[in-house]
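Each remark here refers to the structure printed beneath this line.
Please treat every number below as a calculation from the coordinates, not as lab data. It should be emphasised that the depicted structure is a prediction, and the values quoted were computed from it without experimental measurement. Reconstructed Cβ throughout: ideal geometry from the backbone, glycine too, with neighbour counts over all protein chains shown.
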Amino acid sequence: MKQGVLSIAIAACMILRAGGQDVQLIDREGIESLSWKSTDTTYVINFWATWCSPCVKEIEYFEALHASRGDTKLKVVLVSLDFPNQMERRLVPFLEQKEISAPVRLMTDLDYNAWIERVDSSWTGAIPATLIYNRDRRVFLEQELTHEQLVTHVSQIMN
């Protein structure tokens, strides 16, 4: 019983409310789980940071994709690589200002070399980077995307 209450308390501390949504903390095991689901849902996982100019430029495309998904089996998740100690000062205000409603995860494991290969073996660690996949297809893009490129890649994976 005590362990259950402790687990709930720890989980509650791992979520910070940003405007209309929650920012959840994620570690390397969480990233691996998020990057390798075998379902009929298509996942679009964008790795970004508020200090990365190309990331900030393309974030609206991911938000638009998230907002337009309708009843499709499409899930957009934004994985922030901002420093955890800057969450309240930098990340949360950014999300509120940009009115981001897509789910946001904040990576807590700063040992990037220990987990980037769990996402894709070709990833050098540069951002922006995007993983788009479902159980049948997978593409990893280590580049800034235009809105058209993002939509094209998602359509190719979903069809």
Given charges of +1 on the Cβ of Lys and Arg and -1 on the Cβ of Asp and Glu, with all other atoms neutral, how large is the dipole of the range 40-135 about its Cα centre, in debye to the nearest 20?
-> 120 debye
Going residue by residue through the range 73-83, the Karplus relation 6.51 cos²θ - 1.76 cosθ + 1.60 with θ = phi - 60° gives ³J(HN,Hα) values, rounded to whole Hz and with x marking Gly or Pro, of 8, 9, 10, 9, 10, 9, 9, 7, 9, 5, 5
Distant alpha-carbon pairs in the range 42-124 (separation over 20 angstrom), percent = 35 percent
Calculated from DSSP H runs of 4 or more alone, at -39500 (n - 2.57) each and per residue, what is the 222 nm mean residue ellipticity of the chain, nearest 500?
-> -10500 deg cm²/dmol
Whole-Hz Karplus ³J(HN,Hα) for the range 94-110, in order, using 6.51 cos²θ - 1.76 cosθ + 1.60 and θ = phi - 60°, x for Gly and Pro?
-> 4, 4, 5, 4, 7, 6, 6, 10, 5, x, 10, 10, 10, 5, 9, 8, 7
Set the Förster radius R0 to 25 Å, insert the Cβ-Cβ distance between Val139 and Lys57 as r into 1/(1 + (r/R0)^6), and round the FRET efficiency to 0.05.
-> 0.75
